[in-house]
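Here, each number is a calculation from the coordinates, and none is a lab measurement. Model, not experiment: these values are computed from the prediction. Reconstructed Cβ throughout: ideal geometry from the backbone, glycine too, with neighbour counts over all protein chains shown.
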Amino acid sequence: MDGDPIIFGLTIAEFEDYSLKILLTALILYMLFIIGNLAKESKAGRYGTVWLFIALGLGFVGFISKSFIQKFLGIE
């Protein structure tokens, strides 16, 4: 463990873990902004906007639930 490379005071594994969580969260927020903008530009209405967020945002649920399942099962 003495020879582990350090980036910003973190080991490579810690840096990768933090950057994955932070950058993917930012990407998800940006994609939610894009979905909202798409709904606004297409004049989808309230019902159409809800379905856009459900259909296009369903992949986010899998990513977020994966971390909860890992914590619940103690896999992390």
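Nearest 20 debye, what's the magnitude of the dipole of the chain about its Cα centre given +1 on Lys and Arg Cβ and -1 on Asp and Glu Cβ?
Working: 6 positive and 7 negative charges, 155 e Å.
Here the size comes out at about 740 debye.
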*In Å and whole numbers, how far do the C-alpha atoms of region 6-73 stretch along each principal axis, longest first?*
50, 29, 11
*For every helix of n ≥ 4 consecutive DSSP H residues, a contribution of -39,500 (n - 2.57) applies; sum these over the chain, divide by its total residues, and give [θ] at 222 nm rounded to the nearest 500 deg cm²/dmol.*
-26000 deg cm²/dmol
*Selection from PHE8, LEU73, ALA39 lying farthest towards where the dipole of the chain points positive, charges on Cβ*: ALA39
*Using 7 Å Cα-to-Cβ label points, what is the PHE63/LEU29 separation (nm, one decimal)?*
1.3 nm
*Taking the dipole about the Cα centre of the chain, with the C-beta of Lys and Arg at +1 and of Asp and Glu at -1, give me whichever of SER19, TRP51, LEU29 is farthest to the positive side.*
TRP51
*All other residues with a Cβ under 15 Å from the Cβ of VAL50 taken together, and with Lys, Arg as +1 and Asp, Glu as -1, what is their net charge?*
+3
